[in-house]
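The values are calculated or read from the model by the stated rules, or taken from the named source; none is laboratory data. From a predicted model like this one, the values you see are computed outputs, not experimental measurements. Quick reminder, even Gly has a Cβ in these numbers, built from the backbone with ideal geometry, and neighbours come from all protein chains shown. Surface areas here come from the heavy atoms of the whole protein model, side chains and all, with no ligands, DNA or RNA. Shrake-Rupley method; radii C 1.70, N 1.55, O 1.52, S 1.80 Å.
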Amino acid sequence: MTVAAESQSASELDPGLEGALDHFARLGLERGWRIDRDALEDNYLARSRSDHPDRHAGADARTRRVALERSAANNEAYRVLRDPVRRAEYLVKLGGIDLDSSDPQTGAPHPEQSFLIEMIERRDRLEELTTGGEDALAELRDEVDEELDAVFATAVDALDGGDTQAAAAALVQRRYLQRFLDEIDAAIDSPNQP
Amino acid sequence: MAYSDKVIDHYENPRNVGSLDKSEDEVGTGIVGAPACGDVMKLQIRVEDDVITDAKFKTYGCGSAIASSSLVTEWVKGMKIGDAMQIKNSQIAEELSLPPVKIHCSVLAEDAIKAAIADYQKKHGASE
């Protein structure tokens, strides 16, 4: 583990390899889905303090700019790594698959056609359920929530095993299910919608 | 992000929402998804003598995805399937003034109509 933050004096920030650090390296963590939460918090706080623009307010323009960029990068790294899903998706991205992209080679992989058909058919059933009362909706919500957990567990297993492709496929399913779950929640919130 | 008037119009008054019986011989069904956002789109066509006589869609997604599929169903009605096959996502994006971040919604609609035609052709021995 590399903890460089404490050793830097306030006015000499090395702009060095700013762009080359991934979020894990930036916050002094080993790359992987399972992280040391305490180390994440501690390292983030330490770096936030040492890179804080206020600490470099009297320095030259270049140092002030580096401090600002670094603070932003620390915050972004923390935002991604503290969230289990974002962390998993980020690992997949480091493995070469960007789930936010639709590029056929490096973008999110398409699920099986049967999965998409199921997603449509379940929407049809949701429409029927909205007239069938709250209990049925709550039941469906629990069901989808469990599936969401299950595909995420599959993704984590794949990441543990270093299988980026399988992780990406599971995380894509998770996104579809998340979308469906959001719609169920919307239906629960406004039961009078047609 | 601001939606164009045309997107809002299609979103608020979507044309041709619904389903056709996918087991019917004249009906082609295309189901596609956008993995990045979880949108799913079903687009169906009814074909008689190589001409699309009816089109229906169901889209679960953002306003741009709904508008793109709604627009495509409007366009393809009365079209020969060979011409419908030529529809490009850029035409959809242009008609709806989609911003760059929403271009993938028009891609989805293009994929959906192509998938629907392919399904129809498969049912009829894929003569093309």
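Each row is one residue, and each column tells you yes or no for (1) more than 16 Å from the chain's Cα centre (by Cα); (2) open to solvent by less than 20 Å² (accessible area, probe 1.4 Å); (3) farther than 28 Å from A:Arg174 by Cβ.
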{"residue": "B:Tyr3", "(1), (2), (3)": "yes, no, no"}
{"residue": "B:Arg15", "(1), (2), (3)": "no, no, yes"}
{"residue": "B:Val27", "(1), (2), (3)": "no, yes, yes"}
{"residue": "B:Cys37", "(1), (2), (3)": "yes, no, no"}
{"residue": "B:Ile52", "(1), (2), (3)": "no, yes, yes"}
{"residue": "B:Ala65", "(1), (2), (3)": "no, yes, no"}
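Please return the ranges of helices (runs of 4 or more DSSP H) entirely within the stretch B:28-102 where 1 or more residues are within 24 Å of B:Ser4 (Cα to Cα). Reasoning before the result, please.
Working: elements: B:63-76, B:81-84, B:89-96.
The helices (runs of 4 or more DSSP H) meeting that bar are B:63-76, B:89-96.
For the stretch A:65-75, what are the residues that are farther than 14 Å from A:His23 by Cα and open to solvent by less than 30 Å² (accessible area, probe 1.4 Å)?
Across the stretch A:65-75, the qualifying residues are A:Val66, A:Ala67.
Answer yes or no as to whether A:Arg62 is touching a residue at least 24 places away in the same chain (Cβ under 8 Å), away from chain B (no Cβ under 14 Å) and open to solvent by 40 Å² or more (accessible area, probe 1.4 Å).
yes
Residues of the stretch B:1-35 being closer than 20 Å to A:Glu118 by Cβ and small (Gly, Ala, Ser), which ones? Quick ask: steps written out before the conclusion?
Let us first name the residues in the stretch B:1-35 that are closer than 20 Å to A:Glu118 by Cβ, namely B:18-23, B:27-35.
Residues satisfying the conditions are B:Gly18, B:Ser19, B:Ser23, B:Gly28, B:Gly30, B:Gly33, B:Ala34.
From the list A:Tyr78, A:Tyr90, which residue is open to solvent by 20 Å² or more (accessible area, probe 1.4 Å), closer than 21 Å to A:Ala158 by Cα and more than 14 Å from every other protein chain (Cβ to nearest Cβ)? Show your work before the answer.
On the way: A:Tyr78 fails: closer than 21 Å to A:Ala158 by Cα.
Being open to solvent by 20 Å² or more (accessible area, probe 1.4 Å), closer than 21 Å to A:Ala158 by Cα and more than 14 Å from every other protein chain (Cβ to nearest Cβ) holds for just one of A:Tyr78, A:Tyr90, which is A:Tyr90.
Give the stretch A:86-108 a look and list any residue that's in contact with a helix residue (DSSP H, G or I) (Cβ under 7 Å, 6 or more places away or on another chain) and either part of a helix (DSSP H, G or I) or of a type in the set (Asp, Glu) (or both), or say none.
Of the residues in the stretch A:86-108, the ones in contact with a helix residue (DSSP H, G or I) (Cβ under 7 Å, 6 or more places away or on another chain) are A:86-92, A:95-97, A:99, A:102, A:108.
Those that are in contact with a helix residue (DSSP H, G or I) (Cβ under 7 Å, 6 or more places away or on another chain) and either part of a helix (DSSP H, G or I) or of a type in the set (Asp, Glu) (or both): A:Arg86, A:Arg87, A:Ala88, A:Glu89, A:Tyr90, A:Leu91, A:Val92.
Just give me the residues in the stretch A:109-140 being open to solvent by 10 Å² or more (accessible area, probe 1.4 Å), touching a helix residue (DSSP H, G or I) at 6+ places or on another chain (Cβ under 7 Å) and within 24 Å of B:Lys102 (Cα to Cα), in sequence order.
A:Pro109, A:Pro111, A:Phe115
If we keep just the residues of the stretch B:26-78 that are of a type in the set (Lys, Arg) and within 10 Å of another protein chain (Cβ to nearest Cβ), which is nearest to A:Glu183 (Cα to Cα)?
Narrowing the stretch B:26-78 to residues of a type in the set (Lys, Arg): B:42, B:46, B:56, B:58, B:77.
Applying the additional criterion that residues be within 10 Å of another protein chain (Cβ to nearest Cβ) yields B:42, B:58.
Details: B:Lys42: 17, B:Lys58: 14 Å.
Step by step, filter the stretch B:26-78, then rank; the result is B:Lys58.
The conditions are (1) within 14 Å of chain B (Cβ to nearest Cβ); (2) buried (at least 18 other Cβ atoms within 10 Å of the Cβ), and A:Thr106 fails exactly one of them. Which is it?
Here A:Thr106 clears every test but (2).
For A:Asp145, are the conditions met, namely being more than 23 Å from A:His110 (Cβ to Cβ), in a helix (DSSP H, G or I) and open to solvent by 20 Å² or more (accessible area, probe 1.4 Å)? Full working, then the answer.
Details: more than 23 Å from A:His110 (Cβ to Cβ): yes; in a helix (DSSP H, G or I): yes; open to solvent by 20 Å² or more (accessible area, probe 1.4 Å): yes.
Criteria met by A:Asp145.
Taking the condition modelled with pLDDT of 95 or more, out of contact with any Leu (no Cβ under 9 Å at 6 or more places or on another chain) and not in a loop (DSSP other than H, G, I, E, B), does B:Lys114 pass? Step through it out loud before you land on a result.
Working: modelled with pLDDT of 95 or more: yes; out of contact with any Leu (no Cβ under 9 Å at 6 or more places or on another chain): yes; not in a loop (DSSP other than H, G, I, E, B): yes.
Yes; evaluated as a whole, the condition is true for this residue.
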